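A.B. asks: This structure is in structure tokens; I'll ask about it shortly.
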Amino acid sequence: MEKLILKEYPNARPGEEVTDTYLNFLADNHHCDLKKVLFATSLCCDDINVSTDFRRVLARPFNLGGLGGLPYAGFTGLVAYGHHIPDGGDAFIFYGPHIGITEEGELGKMRRPGQKGLTNSCGALMLALDRLTRTDEVYIPVGDEYDHQQTVLERTLMPFKQQILSAENPVKEITEVAYLVIERQIRYLLERTITEFNCERVFLLGGVIVNSSPEYPDYVEIRNFEKIEVESMRTVTSQTAILSNQAFKNL
Ligand SMILES: [Zn+2]
């Protein structure tokens, strides 16, 4: 299984190793008190992702993400998260899309715990890809209050349709695009909410989670690890009027 995963994602490492590596980085290299680190995720809500996040070692994750991993919690969610960081602590946000792999090496599918058959992973991204691939009609994701996240996900990916469909492996490509979109959205949200953060440092960790069969560990290919000094971001950030509202201050 590892061979198949590394063929597609050469820098992927087992989830547990990634967890240990980056928690050690935070504690040893950056002198974080892990008890005062407030952990947030922007990951797909798929139950399979619990196996590779940092919940085992860092309590109280703030869930920013939803279908596909986009940070749907938005300004309101980021402000609330920023306010909840323990005094003297740090922010740590782990984000990215996920993609399944079968024992035959096929991407976009996986065998889940307790099942014999295969299902899509990420189901939301594969559904979006299926709709983007339609040739019988031009698919336009319209707002549906009862399928809000999927609609937003498809609308966000729509500008990348040609890039995705003309790639050698559109399943892999839509996941790459999702990674970039998630990262871009998190930066955008952070820049506009940073004055509300009750800390001096925000650590970002981004990657692609590769879901394997239940007998094997999941892997993560880390793409970004960075430390943002809150003060330096504050000085370059122009604040949006919405955040001066007292209701936001009290989140
Ligand atoms: Zn998913």
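A.B. asks: Name every residue in the range 183-211 that is over 18 Å from the mean Cα position of the chain (by Cα) and outside any helix (DSSP H, G or I), in order of residue number.
C.D. replies: 197, 198, 199, 200, 201, listed by residue number.
A.B. asks: Would you confirm, using the coordinates I've provided, whether residue 224 is among the polar types (S, T, N, Q), loosely packed, with under 15 Cβ neighbours inside 10 Å and modelled with pLDDT under 95?
C.D. replies: no
A.B. asks: Scan the range 119-142 for residues that are more than 23 Å from the chain's Cα centre (by Cα) and over 18 Å from residue 163 (Cα atoms) and jot them down.
C.D. replies: Matches in the range 119-142: 136, 137, 142.
A.B. asks: Considering each of 144, 130, 136 in turn, give the residue that is within 16 Å of the ligand (Cβ to nearest atom), free of Cβ contacts under 8 Å to residues at least 60 places away in the same chain and loosely packed, with under 14 Cβ neighbours inside 10 Å.
C.D. replies: From the options 144, 130, 136, the qualifying one is 130.
A.B. asks: Now for a different question. If a residue counts only when it is in contact with an Asp or Glu (Cβ under 7 Å, 6 or more places away or on another chain), more than 16 Å from the ligand (Cβ to nearest atom) and not aromatic (Phe, Trp, Tyr), which helices (runs of 4 or more DSSP H) contained entirely in the range 1-94 have at least 2 such residues?
C.D. replies: Correct list: 74-84.
The values are calculated or read from the model by the stated rules, or taken from the named source; none is laboratory data. Please read these numbers as outputs of a predicted model, since none were measured by experiment. In this analysis, Cβ positions are derived from the backbone assuming ideal geometry, glycine residues included, and neighbour counts consider all displayed protein chains.
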